[in-house]
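Each remark here refers to the structure printed beneath this line.
The values are calculated or read from the model by the stated rules, or taken from the named source; none is laboratory data. What you are looking at is a predicted structure, and each value in this text was computed from that prediction instead of being measured. Neighbour counts are summed over all protein chains in view; Cβ atoms, including those assigned to glycine, are modelled from backbone coordinates with ideal geometry. For accessibility, only protein heavy atoms count, side chains too; no ligands or nucleic acids. Shrake-Rupley method; radii C 1.70, N 1.55, O 1.52, S 1.80 Å.
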Amino acid sequence: MNKIIKSAAFSAIFVTVLLFSSCDTGNGGDEIPKKTGVLILNEGNFGSGNGSISFYDEKSMTITNNVVQSANGGSEIGATVQSIYQHDGVGYIVCNGPDKIEFINMDDFSYLANPETNLSQPRYMTVVGNKGYITCWGPWDFNDWTLPDSYIAVMDLNTKTIVDSLECGSAPEGIFSIGDYLYIANSFETNITVVNINDLSSSKINLASMPEQFSLDASGTIWVSVSSGLYGINSMSREKTDSLLVSNIDGKIAMDGTGEKLYLLAVEPWDPNKTNSASEVRVFDTKTKTLSMTALITGEDFYGIGYNGTTNKIYVSDSKAFSGPGQIYVYDDQGVKLDEQITSVGPSGFVYK
Amino acid sequence: MKIRIALFTFWMLCIGFLAKAQIETVTLEEIVVKGLPFEKFSSGSKIQKADSVNLELLGQGTLADYMQQNTTVYIKEQGNKMLASVSFRGTGSSHTAVFWSDINLNSLTLGSTDFNEIPLFLFDDITVQYGGASSLHGSDAIGGSIHLSSSPSWIKGSKIQFRQDFGSYGNLFSGVKMDIGNGRWESKTRIFNRMLKNNFNYTITDRIGDKYEIEQQNAGVHNVGVLQELNGKITKNSTLSMKAWMGSNYHQIQPIEVSSPGQLQTGDEILDKNLRLVTEYEHFFSKGILSSSIGYVWDYQLFNDAERIETKRTVANLSYEWIIGDKTTIKSGGNAQYIVPKVWSYREDLTEWRGDVFISLNQVLMKNWQINLNARQTFVPFTTAPIAPSISSSYLLQKEDLKLTFRGQLERSYRIPTFNDRYWGEQGRNDLSSENGYSMELGHNLEWIISDYTIDFDVATYYMIVDDWIAWKPSGSLWRPYNLKKVKASGVELNGKLTFPISHGLLDLGAMYAYNKSILLEGISENDPSVGFQLPYTPLNRFGIHANITYKKLFLGVNAFYTGMRYGIDVINEEVPDFLLTNITVSKNIHVGKQNFSIEGQVLNVLDVSYQNVNRYAMPGRNFLISLKFLINNK
């Protein structure tokens, strides 16, 4: 019985969850239209307001930088771009310094809204129904660089106003919704906050290390990246089911289109004799729950990862330490490099349209 | 509290000395030292001295204002009167050494100086040396070096100046300069207080194309400074100088422009406090000069009223200059520093000793041809600094009223990694090497007097490589410093000035221009897209012109400065537009007996140009400044 409910629930809500993004609610069937346009989020430098969005066309293999600025008569985002969430044709660009959420039309990148929100260090967003849930770090306590007042802001997407705030742990990063529940990664703590969005009751799932992001696999297990590996959480029982130690994982993950393979960014241990730390992409099989022994892709200074589930392409970004324009590399699902392109400052995330 | 007691004691000591000095009636031979001691060992480098008229006009300003208006050096200012970083010949802010009394003011933790925290009011002289000079000045002098000083005037009597400025955006400056002396002992006191609300308006265009006037928030500035000097000729051939400079510089950190009128502009704030105490002793022998000093520097920074960064250092310098015959001068010496940092991310018991030894030669080869050979070695724990040699030479061609000086220099310079680079948490690295600079420069200076016309024209060309440039980059979630970048800089600087008398006055016309190409040769990693591009925030072109007329007791000055396009951090996609700023100054002097009163009005950014120095940081439009000065002379 449990299994039937689980698979029914899953097929209804299956979404391909990729780092920093979530696709439109899809059918999960074979006829998913190919999304050959890739939005690349360039974070920009801290406090400099030079975050931007680039657009990569998989068909022509060309990149266009600053597409939002170009689509809006030169009016740039003017902030550090933390993440983008895509829902029903709207892109929600979550920004810091100034802290704000820009709504853009995903078809032509034109601005739809720039509501006054008074958010404090917003990070990631998810949408359930007509409500947006935004993880917010809250203000720093500069005495010891802690974040004691983090919260989840609840936005009414019709009125575009903040209507509520929910409690969570310190430094919430990834936020993920399935069924009636929100999962929030408290990245300065070793637990996840789970909130029932109907009665707003909440509970915590304790982990052994600090969580970052979530990704849902084909069996309905939510995989949580933590500073020392992965945890599996059963999305029905909301209980921890698996844990896997992966050394030097840096919390960035991306699920493939089938929900069977999870791609992880990892960094080789620091070696003072080298001028960089080799980065690699490793593959976790969610069915067998095993991690590939060898790296699928190796390179330098990888910063972000994405997977286009409709065209089976792996995207890896290289931030170049935010010292200038960054780069993205495009691979097929076997790890063969197909293309590389120059972006703007600090490319970190990918959204497909 | 301890500091206050120390200051008070020092003050009392000064007054005590002065009282004692005034009782004695002495006549001493004049001890005159012209120029800064290092200048005779850098005959091949371009050295620019502050014009006292310009310095006086900028009396309430900062070193950033001086550099922007009087040199071709670029100052990157992150908002109005906010963090100002210098870029000499395409290098970074930590590639410039800023000296006061042989103390490098650069922060030991960050490696650079905020030029908006150096008030001009405290100093009589500013000497700007272009190009590498580590052989003379040690670490950091890769792109250039700046020397702030006040020479003893050996005043007999007293001179007191009061200054009060009122400017736009709540700009209030009050200052006092007081010199008292008997020809043998003198006390020089400088005190100022400056407040700036900085609530200027700027215009934004929102998402639907509507324009709004926005009042800048969170950009206030409050600076207080005291400089007390006591200079004495303690014997016929020795001098003693005691100096205390205390500064408190608070500023809110101006945030970037808003993108909609309702957006909040909250921000951070920073408070810098510094205390610098120096005692200098010089003894003049018949064939040599012994110079020694001992100093104490306390640098304190408080970020958002919580995070504290503090360093204390004790510095000692000793050198001897031998004058051998008419043609040879050799100077040799060294210094030692003991540093105690207090930074939350450093090891608690961290202390450091470092030291330099150096030798310099000035040799006259032929009449009008001199050559300098200099070398310096710095010793720092856990990191290697190279021996920095330099060869420098000048040749003077003189013909009646024409003086043409050719000069040239080859120099190796270096920068020691900062405390942050070496000791920050577990990421700081004690295996970093120093940054290395190699520079070559050629130039000439023409001074020509044709009847009443004086022409001064200077040309400098340079070529420089800065290697092992330290940059931080992530390895996993931790960032660490590496010796990564390599930069090639080359360019030309022109300075010209023409002065001639008009009836009842003087006309002074000037122009300056710099072309600087600074190309990244090696970046963060092998395929760094920035390689081959001009460095961010390094203009290819800068120029400035000025015209000053003095007519009887009236002064009229117009100047204009152009800063060419700079690339933003994204050197491929982001261009920050060029800007031209024009300022007008009118001043009038009134003498009443020995008293001198002057009133001065300035219109800054006369053309009301809307511009940004650093992308997205608003800058003020046309604004005004009125200065009142009252000078009492009792000589």
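Summary table
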read-out	value
For the range B:573-591, residues shielded by at least 30 square angstrom of accessible area compared with the chain on its own, probe 1.4 Å	B:N573
Exposure of B:S286 as accessible area (Å², to 10), given a probe of 1.4 Å and all protein chains	120 Å²
Point-to-point label distance, A:T146-B:N589, nm (Cα→Cβ direction, 7 Å offset)	6.3 nm
Given charges at Cβ of Lys, Arg, Asp, Glu: the protein assembly as shown dipole, positive-most of A:S228, B:G175, A:N42	B:G175
Computed helical MRE - 222 nm, chain B, DSSP H runs ≥ 4 contributing -39500 (n - 2.57), nearest 500	-2000 deg cm²/dmol
Distance in nm between pseudo-label sites at B:Y463 and A:K287 (7 Å out along the Cβ direction from Cα)	6.5 nm
Area accessible to solvent at A:D107, 1.4 Å probe radius, in Å²	120 Å²
Relative contact order %, chain A, counting alpha carbon pairs below 8 Å whose residues are six or more apart	14 percent
Threshold 10 Å² - residues in the range A:106-150 whose accessible area is reduced by that much or more when the chain is no longer isolated, probe 1.4 Å	A:Y111, A:N114, A:E116, A:N118, A:F142, A:N143, A:W145
Qualifying GluC sites (Glu not before Pro) in the range B:255-318, DSSP loop, other Cβ atoms within 10 Å at most 16	none
Aspartates and glutamates whose Cα lies under 20 Å from that of B:K588, excluding same-chain neighbours fewer than 8 positions away	B:D51, B:E56, B:D165, B:D508, B:E600
Nonlocal Lys pairs with alpha-carbon distance under 28 Å, the range B:308-416 (8 or more apart, or different chains)	8
Under 14 Å from the Cα of B:K287 - aspartates and glutamates, other chains or at least 8 residues apart	B:E321, B:D326
Estimated buried accessible area (total), pair B and A, 1.4 Å, Å² to nearest 100	3400 Å²
Expected 222 nm ellipticity per residue - DSSP helices of 4 or more, -39500 (n - 2.57), all of chain A, to 500	-1500 deg cm²/dmol
Residues in the range B:219-265 occluded by at least 30 Å² - accessible area, probe radius 1.4 Å, against chain by itself	B:I256, B:G262, B:Q263, B:L264
GNM result for chain A, Cα springs below 10 Å: residue of A:G179, A:G51, A:G73 fluctuating most strongly	A:G73
Per-residue average of Cβ from other chains inside 10 Å of B:515-524	2
Using a Förster distance of 60 Å, the FRET efficiency for A:K34-B:K488 (Cβ separation, nearest 0.05)	0.85
Pairwise Lys count, the range A:260-353 - Cα closer than 27 Å, eight or more residues apart or different chains	16
Protection proxy ranking, peptides A:202-212, A:130-140, average beta carbon neighbours within 10 Å, highest first	A:130-140, A:202-212
Loop sites in the range B:474-561: trypsin sites (Lys or Arg not before Pro), DSSP, at most 12 other Cβ within 10 Å	B:K552
Shielding by partners - mean other protein chain Cβ count within 10 Å, residues of A:269-279	4
Residue-normalised accessible area of the range B:2-633, expressed per residue, 1.4 Å probe, Å²	42 Å²
Surface share of carbon and sulfur [accessible, 1.4 angstrom probe, percent] for the range A:193-308	48 percent
Cβ charges +1 (Lys, Arg) and -1 (Asp, Glu), total dipole of the protein assembly as shown, debye	3580 debye
Partners for A:K35 among aspartates and glutamates (Cα-Cα distance below 18 Å; same-chain residues under 8 apart left out)	A:D24, A:D57, A:E58, A:D88, A:D107, A:D108, A:D256, A:D332, A:D333, A:D339
B:F303-B:D349 FRET efficiency (beta carbon distance; Förster radius 30 Å; 0.05 resolution)	0.80
Per residue, in Å², the accessible surface of chain A once ligands and nucleic acids are set aside, probe 1.4 Å	38 Å²
Taking the range B:115-173 and dividing mean pair separation by its residue count, relative contact order in percent (alpha carbons under 8 Å, at least six apart)	26 percent
The range B:2-633, relative contact order in percent, only Cα pairs under 8 angstrom and at least six apart counted	11 percent
For peptides B:467-473, B:298-304, B:108-114, sequence by mean Cβ density within 10 Å, most packed first	B:108-114, B:467-473, B:298-304
Fully extended contour minus Cα-Cα distance, from B:I626 to B:D608, at 0.36 nm per residue	4.7 nm
Heavy-atom accessible surface of the range B:2-633: percent carbon and sulfur, 1.4 Å	60 percent
Rounded FRET efficiency, nearest 0.05, which uses the C-beta distance separating A:S203 from A:E260 and R0 of 35 Å	0.75
